[in-house]
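Heads up, the thing below is written out as structure tokens.
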Amino acid sequence: MGGRQGRHGLSGWRLSRAARGIVRGSIATLVSSSSAYAQLEETVGVREVSRIGGLEDPYALIQVVQVATDEQGRLYALDRLDHTVKVFDPAGEFVTELGREGDGPGEFRRPLRMGLRGDTVWVLEPPMRRMSFLTLDRSVADSRHLLDAGIDREVFVWAPAGVLADGSTLYIPLLTGGAYTSGRVPTHVTLRRFAPDGAELEAVAELWTGRNSLVIAGERGGHSMLAYQPFNDATLWAIDSQGTFLVVVDRGESKAARGEVRVSVYGVGTGEWETWVGRIGEGQRIGSAAIDSVVDVAAEMIRSRGRPDIRRESILEALHNPGFVPPVHAALIDREGRVWLETRYGEDGRTRWDVYSREGRQIARVSLPSVLDVQHVVGGCVWGLERDDLDIQYIVQYEVQGVPDLACPPRTESGRSATEGHS
């Protein structure tokens, strides 16, 4: 499902773009010293196929937060600040847009997430507490109100993660700021399925929460600052855009030290799990230089937001430090059940993704530009978001080269032609 889970874990707070670069550089230095991998060593490249967006585009992108494709190859882009889902044909030509700003049926208010179920698009709107289902002719096929009851309002609130192929909704309990500042952070939470009428069906998977945000308590007991922590070792999870498969990647402390992950793939149609353990690389101990870098970035952010008195000791005390950098940073799964794991930040401006079958057979090791925010994969086609030096957003499609098991679905060559350059 759109977006790697490592980018939308149990907290919605993020470092600034500049701060992310500083922290990513620290991690790259750590991970680049990894010893030889036991699996595939040869890395394959990608070719840029298409690019949508830019100042000259009449349908310029404002803040796309997710992309997906349907079985006909159409591209769907959820533009949060434009309150629409923009639809493009396989050649990149604009087809239509669903929704507009508003509170009525078929209108959106700061939508956050989307997916596909058959020929309908579902869109999640947290401010409206609803999930809307629309068809390509802009008709509203269904509308669901989100669960309103919290498990424990001081610790959890229910948050929908997506709609599964069987029509049920997958929910995850999000930890609240109060959970962190009170010190009541649980070590495990569960992903749960609910029927369309809100009836609870089952707990699908258990997740290790780790700590993916740094919280500094402020005045009156409230939290004054949350920041993304690169040392987060929480369980990763993702679903494909059609809700056919769910992947859960356990990369906790004990596994990180050994360079292992435990991967479980759940088939929604069968209700069965396929589980395997992979030794992805050598565990990389977190050194004092990396910790100092994170503390410096966090201190600068906190001081700029009204806490000039913050002390380094307070940040160090609140910092979750698992001891080892997890061997996997993000996870995706496609509608065939292939698992993509981001395993390394490169020093050459690239990121590395290892691709596996649902049974754990490694298919390829793919090198992608580090500026690409990978959102969606189908076979050997990779869609993601990039920003240029002017901070203008683009949707970019890449195609994996030289791997027979990873082929892009056929696409239309008319209209906006594919670029022939290589990345």
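Throughout, read-outs are computed from the coordinates displayed, never taken from laboratory work. These numbers come from a predicted model, not from an experiment. Here the Cβ is made from the backbone with ideal geometry for all residues, glycine too, and neighbour counts use every protein chain on show.
Annotations for the structure displayed:
- Residues listed by number, the range 70-109, amide nitrogen under 19 Å from Ser139 label point at 7 Å toward C-beta: 96-100, 105-107
- Over the range 49-166, the ratio between the Cα radius of gyration and 2.2 N^0.38 Å evaluates to 1.11.
- With kT/(6 pi eta Rh) evaluated at 37 °C and eta = 0.692 mPa s, and Rh the Kirkwood radius from Cα pairs, the range 294-369 diffuses with a coefficient of 213 µm²/s according to Stokes-Einstein.
- Derived scalar couplings between HN and Hα for the range 63-72 equal 8, 6, 10, 6, 9, 7, 10, 9, 5, 8 Hz in order, rounded to whole Hz, by the Karplus curve 6.51 cos²θ - 1.76 cosθ + 1.60 (θ = phi - 60°), x for Gly and Pro.
- Those GluC sites (Glu not before Pro) in the range 236-310 that DSSP places in a loop and that have at most 10 other beta carbons within 10 Å: none
- Near Val204, the amide H atoms lying under 5 Å from its own belong to Leu191, Arg192, Arg193; only residues 5 or more places off or on other chains count, and H is placed 1.01 Å from N.
- Between Ile62 and Gln362, full extension at 0.36 nm per residue minus the direct alpha carbon distance yields a gain of 104.3 nm.
- Rounded, prolate or oblate (a/c below 1.5 giving rounded, otherwise prolate when a/b exceeds b/c) for the range 259-387 by Cα gyration tensor: prolate
- Distance from the Cα centroid of the range 369-406 to that of the range 292-359 is 20 Å (rounded to whole angstrom).
- Share of alpha-carbon pairs per 5 Å distance bin for the range 64-109, given as whole %: 6, 25, 28, 22, 13, 6, 1
- Taking every C-alpha pair closer than 8 Å and separated by at least 6 residues, the mean separation divided by the residue count of the range 250-408 gives a relative contact order of 15 percent.
- The amide H of Gly162, built 1.01 Å from its N in the peptide plane, has Leu170 as neighbours under 5 Å, considering only residues 5 or more places off or on other chains.
- Percentage relative contact order, the range 38-112, counting C-alpha pairs under 8 Å, at least six apart: 20 percent
- Spin-label zone in the range 295-334 - amide nitrogen under 12 Å from a point set 7 Å from the Cα of Gln72 along the C-beta vector: none
- Couplings 3J(HN,Hα) for the range 388-403, derived from phi with the Karplus relation 6.51 cos²θ - 1.76 cosθ + 1.60 (θ = phi - 60°), are 8, 5, 8, 6, 8, 8, 9, 9, 10, 10, 10, 10, 5, 9, x, 10 Hz, where x marks Gly and Pro.
- Taking amide H as placed 1.01 Å from N in the peptide plane, Gln66 has its amide H under 5 Å from the amide H of Leu78, each at least 5 places away in sequence or on another chain.
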